[in-house]
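The structure under discussion appears below in the form of structure tokens.
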Amino acid sequence: MNIAANPVVEADQTVYLKDYQKPSFLVNSVDLNIQVFAEHTRVTAKLDMQRQTAGDLVLLGRDLTLESVRLNGTELSSEAYQLDAEQLVISNAPDQALIETVVLIHPESNTQLEGLYQAAADLFVTQNEPEGFRKITFYPDRPDVLSVFTTRVEADKKFPVLLANGNLIEKGEAGEGRHYAIWQDPTKKPAYLFACVVGDLAVLKDSYVTSEGRNVALEIYAEQKDIPKCHIAMQALKHSMRWDEEHYGLPYDLDNYMIVATSAFNMGAMENKGLNIFNTSCVLADEEFTTDAAIMRVQSVIAHEYFHNWTGNRITCRDWFQLCLKEGLTVFRDQSFSEDLQSAAVQRIDDVAVLKAHQFPEDSGPLSHPPRPDHFVEINNFYTATVYEKGAEINRMMATLLGKEKFRAGTDEYFKRHDGQAVTVEDWVAALTAGSGVDLSAFLTWYNQPGTPKLEAKGEYNADAQTYTLSLKQTLKAHPKYPNLKAVPIPVALALFDAATGEQLSLNSEDLFENGVKDGVYLFDTDAAHITFTGVAAQPVVSLLRNFSAPVNLEFDYSDAELAFLLQYETNGFNQWQASQTLLENILLKDQPAEIYIQAMLDTLPKVVAQDPLLASRLFDVPSEGYLGSRIDTDYNPSLIQEKRNALLDTLARAFAAQAKEMYLALDPSAQSEFSQAMGTRALKNILLTMIARQGDEDAFTLAEQQFKHSRNMSERLGALKVLVWNDAPQAEKALIDFYLRFKDEALSMDQWFMIQAAHPKASAETIQYLTEHPDYDLGVPNRIRAVSGGLNSNPVNTWSFGVQHFIDLAKYLDEKNPIVGSRLLQVLSRWYTLAEPQRSEVQAQLEALKPQVKSKNVVETLNTMLSV
Ligand code: BES
Ligand code: ZN
């Protein structure tokens, strides 16, 4: 019997957290036999199940052709069970049930990239989080059912690589040119962590000895030509393994760790136990083919998936509402790891920039939800910036408040209590509380309610009393679905500076939280509060929310002069950057003059460039048009923002003209021995080159052409190519052709080639049409779609004109072919309701018109929620 894909969404498909019930049956062990053939795959599953509570025996399954089902050795007739598009139910099953099913599936035609799918002519891989395993076989596919998996994989010998989780225990001939391998994973795990791989891949091998003396074989599988690009990932893996031992006391627990790279992957990477599967974009790293940003990303994603081994795999989620338990914690861990790899200030800047550019807007619009949602239709729609990024911030706040030692005591307690279990956010906070001895239960409010709190602060200096008093107030915008919003605990890291000398003052205050953290942190956990600092000899300059100590919108009435002061004297690099950003926003959105920013930059730059060139490059960040737009909630006019921003870029290019060229010529990345310093120098040079070109210097194109021709480094090459292409330089066309000819067989480099052209500031509908009709454009490869769509979306004027139909057409096409990616791309339009009329109504009508044309839960839920403003 064949079961339809994409069943029509009915009214009551919403799942609620409050309805959670334990599974009636657990699985002691599971034996899988996966036989891959050219035209189908046969999956035999033996489940040793045991009753836990009263109720039916429920096996979830989707798009499976059932050949047979046996219960305790006896084949069941079709009257003995109920089967529909989602599940196979056996009522009155005995307490001990050995279930044996045989199904046929079709990985060779699976375009959704979920379950088992053919990723390339010579590669089959799985992606089972969150609910893909039910597309492989009938199973209680929920994270609170943990089992021991034994997997036999069988395929034609033209696929020499046969992998699954755990240890290889046997391999051999299977006749007719076929072979098999049997793998056993000793650790109990939920089905979403199951993986298998069948293919023809090369491998890079290394090894690692854990703190416990375990010798772990490390293997990264990729196409032969890409093996030289796997060394950075391998180093990052070993570094992550050491880092987790040193920072959390967590050693690796198996004898092997495998990573498989594929270019057909919906997400970045997946933490399957002992057998991670990665998007090539998150493994392959090489200065010649990938940018510095991509190299940093590879290292952080490798760390992220490795860290899941404890936060996610050994301790997993009870249900998918708890997703931020594993993702928020693991993102916080990978961010901390990355702070050790490069300028910590810049890592924080980049993480906060992502939070503000994606999570804040998400949280202020129709897709807003708590980091732990309380209902969903399609869980794939909840791998959001809020779950990941805000989830990470909640953990960071608790860590900041506790300080290193107490936080470690808390995490130790968590691993001790819950190893081998599927738990909740409450369990995590309770363990941290018990281990640290500090009651953190108030932080649960952060997990349970949506919205970005507004933190209003006012400072008042009293010269007679020599006191400085800070008044704080927190508010949340009313939310129709969450009427009882409460105040949240906000750790406010702060410092006072002597306005005359720039020196940081030592803080005397009754209310300051003492926790051994170097900077003062005040825990603000009520609606309103005052803190008074004593012994302050003159009006100080206050720096608030240092290092972005809480995910809130800070409102403080800084003068431009105070911001310029912080840009120069703040010792926290993040707040230095924040000051530059606030100054630039004031110029852009409040029409303030640019001179103060320019002068502060000229004063500050020489010192910063010498110490941290990457930070220096970030101080030039002019907030993107997209970010500026996301700060506007009504009557948003993308063209107006573009005009203002362009005018500012012109002003800055003129102001820095004299220095820019001189600095550009003086900076030499190859003179830097450390990667992070060289990366910083490259970033700074590229910004300077952009400014030289913008200011109309005739040499700019020659310099860009030289840089493009002579560098073998992708960041330098692309920086130069951007300047040529985006300014329509006479050399642009030839450079694009050169790049194409050199990199046409390198998919990740070609993604950049597509991206640059789609992101041309004057890109038109024809530009996008040329790219999407290019022979190398491929709707089956999410990376390529994202390259063009992401490039297009870097110009909001385009997004909100011809881009609307582009994204709607993609959602419509992908609704059936790949609904996970379709739903994500549609979200680009989620702030349609902020547009000025008549655009607002036009886009609304286009979105309404899409409604009857889509069927998948993913796209339907996203569209409905987007339209429900
Ligand atoms: N567990 C996720 C991968 C995943 C997410 C699979 C959603 C299926 C559905 C993985 O650990 C992850 O979070 N990956 C991120 C990258 C990470 C560095 C934040 C990703 O894929 O974008
Ligand atoms: Zn993750």
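Worth a mention:
- For residue 52, neighbours were defined as the other residues whose beta-carbon sits under 15 Å from its Cβ, and their charges (Lys and Arg +1, Asp and Glu -1) total +1.
- Its relative contact order, with pairs defined as Cα atoms under 8 Å and 6+ residues apart, puts the chain at 9 percent.
- Using alpha-carbon coordinates, inclination of helix 699-710 to the longest axis of the chain, degrees: 30
- Calculated on C-alpha atoms, the gyration radius of segment 741-782 divided by its Kirkwood radius gives an Rg/Rh of 0.96.
- Computed over segment 548-661: relative contact order in percent, which uses C-alpha pairs under 8 Å that are six or more apart: 22
- Counting only alpha carbon atoms, the long axis of helix 802-817 and the longest principal axis of the chain meet at about 20°.
- Among residues other than residue 429 with Cβ under 13 Å from its Cβ, the summed charge is -2 (Lys and Arg +1, Asp and Glu -1).
- Global form of segment 95-175, assessed from the alpha-carbon gyration tensor, a/c cut-off 1.5: oblate
- Anisotropy class of segment 722-796 from Cα gyration tensor, a/c 1.5 cut: oblate
- Cα centroid separation, segment 356-383 to segment 121-150: 25 Å.
- Shape summary: segment 661-753 maps onto an equivalent ellipsoid whose semi-axes, from the alpha-carbon gyration tensor, are 21, 18, 9 Å in decreasing order.
- Most positive-pole-ward Cα, 27, 409, 547, against dipole of the chain from beta carbon charges: 27
- Rounded to the nearest angstrom and listed largest first, the equivalent-ellipsoid semi-axes of segment 1-139 from its Cα gyration tensor are 25, 19, 14.
- Calculated P(r) tail over 41 Å for the chain, as whole % of Cα pairs: 37
- Packing here is the average count of other Cβ atoms within 10 Å per residue, and on that basis the peptides 597-608, 270-281, highest first, run 270-281, 597-608.
- Overall dimensions of segment 220-273, expressed as equivalent-ellipsoid semi-axes from the Cα gyration tensor (√(5λ), whole Å, largest first), are 23, 14, 10.
- Put in line by how crowded their Cβ is, counting other Cβ atoms within 10 Å and starting with the fewest, 562, 837, 426 read 837, 426, 562.
- Take 789-801, 723-735 and order them by the average number of nearby Cβ atoms within 10 Å per residue, most first; the result is 789-801, 723-735.
- Taking one quarter of the surface of the convex hull spanned by the alpha-carbon atoms of segment 639-795 gives a direction-averaged projected area of 10.0 nm².
- Debye intensity ratio in log₁₀ form over the Cα atoms of segment 432-531, taken at each q of 0.11, 0.17, 0.24, 0.25 Å⁻¹: -0.44, -0.91, -1.36, -1.42
- Whole-angstrom gap from segment 812-869 to segment 272-330, using each part's C-alpha centre: 29
- For segment 358-485, a/c is not less than 1.5, where a ≥ b ≥ c are the root eigenvalues of the C-alpha gyration tensor, and a/b does not top b/c. That puts it in the oblate class.
- Estimated purely from DSSP H runs of n ≥ 4, each contributing -39500 (n - 2.57), the mean residue ellipticity at 222 nm for the chain is -12000 deg cm²/dmol once divided by its residues.
- Set of lysines near residue 722 by C-alpha distance (under 16 Å), chain-local residues within fewer than 8 positions excluded: 685, 709, 734, 762
- Of 189/238; 22/135; 481/857; 22/273; 356/644; 326/458, pairs whose Cα-Cα distance is over 30 Å: 326/458
- Highest mean packing first, where packing is the average number of other Cβ atoms within 10 Å per residue, the peptides 430-443, 153-166 line up as 153-166, 430-443.
- Where only alpha carbons of segment 134-252 are counted, the Rg and the Dmax (Å): 16.6, 51
None of the figures in this text is laboratory data; all of them are computed from the coordinates on show. Note that this is a predicted model, so its numbers are computed, not measured. Here the Cβ is made from the backbone with ideal geometry for all residues, glycine too, and neighbour counts use every protein chain on show.
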